[in-house]
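Q: Structure in structure tokens, see below.
The values are calculated or read from the model by the stated rules, or taken from the named source; none is laboratory data. On a predicted model such as this, the values are computed, not experimentally measured, just so you know. Ideal geometry is used to build each Cβ from the backbone, glycine not excepted, and the neighbour counts take in all protein chains shown.
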Amino acid sequence: MMKKILFVYNPHSGQGMINRHLPDIIQIFTAAGYDVLCHPTQRKNDGYETVKARAAEFDIVVCSGGDGTMNETLGGIMDGGHHVPVGYIPAGTMNDFASSLGIPKNMPDAAKLIISGKPHFVDVGAFNKRYFTYVAAFGAFTKVSYSTGQQMKNLLGPVAYMIDAVKEAAQNVDLSRSYRVTVKCGDTTVTDDFMFGMVANSLSVGGIKDLAGDNVSMNDNLFEGMFIKNPTSGTELNRTLNALIRKDFDASCFYYFRSEDFTVTSQGDVPWTIDGEYGGKSKNISICALHNALQMIVGDNAPGLRKRP
């Protein structure tokens, strides 16, 4: 009996590059003995709904697009209760999740890896009733990922994010832009005014390597939490940004944790992003690591699956 692939892709991601490579990708899958059903997404959550409804009919689910498309696929797998391995062909601007798993940026090469690779378990983040593959964040810089226009992303790539991030950083000197937040993880509780906070499981965030710290493993049941205190002056802001560039997470402006669960509560509603997409506002967020909850088809030497020494 012929094996089957459900191929869900966003035809608009990355300047629509999938449309140029689609014949090659289908040829790679077909030559390996797979019957391929292609589903170009038509609207937001179309990928989620398709995967949730149909993943059980297939041997592999493949998605192509940006981190948002991968997040929809993850949600469909989890909410549908499926145990089908997932392959990813990145086509977005940053593709932090793919980069952390050593998935090639070249689309035919990523398709070949799906055929030659093996399913490896990775941890998944649970964000209240939603899921994320690699990051949930609030505050400065986070709205850049979903507010930067697609045309600007296509033209400038990571530069577009940096332009908007610098503009937003300059505005965040205003204390009114900070968030009074209490973070609990394990036996630790901290309350402070924050300009930024994130819980991540990735070797890079926003295209910046090691932003979540070094020695990250995506299957160790631990997530990395970084929370940046709100500066009270332009001088403090410059110190904070310089420490961020140096990745000096021991600096006084940072709180840095590794934990399998985080609780984030605030006095008012805080807007969050989940895998680079707007995730809504909330005062009470529970984040936990779901150990080995997703099978990703990657190479045996995927950098994010390294074991801690």
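Q: Applying the selection to the range 249-307, what residues are under 18 Å from Ser204 (Cα atoms) and outside any strand (DSSP E or B)?
A: Answer for the range 249-307, where residues must be under 18 Å from Ser204 (Cα atoms) and outside any strand (DSSP E or B): Phe249, Asp275, Gly276, Asn301, Ala302, Pro303, Gly304, Leu305, Arg306, Lys307.
Q: Report every pair of residues separated by at least 6 positions or lying on different chains whose Cβ atoms are under 8 Å apart, first residue within the range 220-238 and under 17 Å from Asp248 (Cβ atoms), second in a loop (DSSP other than H, G, I, E, B) and hydroxyl-bearing (Ser, Thr, Tyr).
A: From residues that are under 17 Å from Asp248 (Cβ atoms), the pairs are Lys229/Ser252.
Q: Give the residues of the range 23-48 that are of a type outside the set (Val, Ile, Thr) and within 17 Å of Ile60 (Cβ to Cβ), sorted by residue number.
A: Gln27, Phe29, Ala31, Ala32, Gly33, Tyr34, Asp35, Leu37, Cys38, His39, Gly47
Q: Hey, any hits in the range 269-284 for a residue that's among the acidic types (Asp, Glu), within 17 Å of Ala137 (Cβ to Cβ) and exposed (fewer than 15 other Cβ atoms within 10 Å of the Cβ)?
A: yes
Q: Would you confirm, using the coordinates I've provided, whether Ile60 is in contact with a Phe, Trp or Tyr (Cβ under 7 Å, 6 or more places away or on another chain) and hydrophobic (A, V, I, L, M, F, W, C)?
A: no
Q: Next question. Leu290 is checked against (1) modelled with pLDDT under 85; (2) touching an Asp or Glu at 6+ places or on another chain (Cβ under 9 Å) and fails just one. What number does that condition carry?
A: (1)
Q: Against the definition (crowded, with 20+ Cβ neighbours inside 10 Å and in contact with a helix residue (DSSP H, G or I) (Cβ under 7 Å, 6 or more places away or on another chain)), how does Pro104 come out, yes or no?
A: Taking the combined requirement at face value, the residue does not satisfy it.
Q: Sticking with this structure for a sec: Specify which of the listed residues (Asn10, Asn95, Asn19, Asn71) is surrounded by fewer than 17 Cβ atoms within 10 Å (Cβ to Cβ) and within 27 Å of Ser204 (Cβ to Cβ).
A: Asn19 is the lone residue from the list that is surrounded by fewer than 17 Cβ atoms within 10 Å (Cβ to Cβ) and within 27 Å of Ser204 (Cβ to Cβ).
Q: Looking at the range 1-100, what helices (runs of 4 or more DSSP H) fall wholly within it and have at least 1 residues that are of a type in the set (Lys, Arg), out of contact with any strand residue (DSSP E or B) (no Cβ under 9 Å at 6 or more places or on another chain) and over 18 Å from Gln295 (Cα atoms)?
A: The qualifying helices (runs of 4 or more DSSP H) are 13-31.
Q: Which numbered condition in (1) in contact (Cβ under 8 Å) with a residue 24 or more places away in the chain; (2) surrounded by fewer than 16 Cβ atoms within 10 Å (Cβ to Cβ); (3) out of contact with any helix residue (DSSP H, G or I) (no Cβ under 8 Å at 6 or more places or on another chain) is the only one that Ala32 fails?
A: The single condition Ala32 does not satisfy is (3).
Q: Which condition number does Asn219 fail, the rest of (1) crowded, with 20+ Cβ neighbours inside 10 Å; (2) part of a strand (DSSP E or B); (3) touching a helix residue (DSSP H, G or I) at 6+ places or on another chain (Cβ under 9 Å) being met?
A: Condition not satisfied by Asn219: (2).
Q: Between residues in the range 73-91 that are free of Cβ contacts under 8 Å to residues at least 24 places away in the same chain and residues that are among the small types (Gly, Ala, Ser) and in a helix (DSSP H, G or I), which pairs lie under 9 Å by C-beta distance while being six or more apart or on different chains?
A: Close Cβ pairs satisfying both conditions: Gly81/Ala56.
Q: Could you list all residues from the range 1-26 that are free of Cβ contacts under 8 Å to residues at least 12 places away in the same chain and either of a type in the set (Lys, Arg) or closer than 18 Å to Pro108 by Cβ (or both)?
A: Gly16, Asn19, Arg20, Pro23
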